[in-house]
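Okay, so here's the structure we're looking at.
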Amino acid sequence: AAPVSSLEPEAIIDGPFAGLPLRGPTSVTVSPDGRWIVADGGNHRVLAIGPEGSLQQVIGSRCGLTEPGQPGCVDPDGAGPLSAGDGQFNEPWGVAAGADGSLFVADTWNGRLQAFDRRGVFRRKWGRFDQSTERSTDGEVSLYGPRGLVVDHAGDLVVADTGNKRLMIFG
């Protein structure tokens, strides 16, 4: 039988962060500048935390794009080029950081991916909530519960599209 060992954590970091404790953290990655990027799924946000545990940034709030009336969704720039819900989440499950510090978030129950620059400024989104592996006619990729994300050594974003039972690679 394999030996059983007991490990004690060196630290426990649970907040509160911006007035809220962590609620359902689902993923963590380390950005090139050493910050921990945490998907705080239950609070519908992404946190950047310094290695000593200090809050450095909060990205997002709750937006239910696929729910009637799109509860919580706001248009971040009014009549500008952005749309309702850009930079907001419905249970983010996955986070990844690019070599340049860009951040990628699996916006799980809005069925999309979002990208931010290293300062947390929204840059783009892609994907549509759909349980289909067929190629779309409108050029929008179907995502059903995207969760795990990683940026590989080539700089490509690899996505675990859980509900569609596949991995997707974006260059």
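Some observations on this one:
- FRET efficiency for Ala2 and Glu52, using Cβ-Cβ distance with R0 set to 41 Å, rounded to 0.05: 0.75
- Most mobile listed residue (Ile49, Ile37, Ile12) in the chain, GNM with C-alpha springs under 10 Å: Ile12
- Cα shape, segment 44-124, gyration tensor, a/c 1.5 rule: prolate
- Gain upon complete extension [Glu10, Glu67; 0.36 nm per residue less C-alpha separation]: 16.4 nm
- Correct choice for Rg/Rh (Cα atoms, Kirkwood Rh) that was computed from the model, options (i) 1.34; (ii) 1.00; (iii) 1.25: (ii)
- Segment 70-102 versus segment 1-59: alpha-carbon centroid distance in Å: 20
- Take every pair of alpha-carbon atoms less than 8 Å apart whose residues are at least six positions apart; their mean separation over the length of the chain yields a relative contact order of 14 percent.
- Computed 3J(HN,Hα) for segment 37-54, one whole-Hz value per residue from the Karplus formula 6.51 cos²θ - 1.76 cosθ + 1.60 where θ = phi - 60°, is 9, 10, 7, 9, x, x, 9, 6, 8, 10, 10, 10, 10, x, x, 8, x, 8, glycine and proline marked x.
- Between Ala154 and Val121, the FRET efficiency from the beta-carbon distance, with R0 = 22 Å, is close to 0.35.
Just so you know, all these numbers are worked out from the coordinates, no wet-lab data involved. If you're wondering where the values come from, they're calculated on a predicted model, not measured in any experiment. Methodologically, a virtual Cβ is constructed for each residue, glycine included, from the backbone with ideal geometry; neighbour enumeration extends over all protein chains shown.
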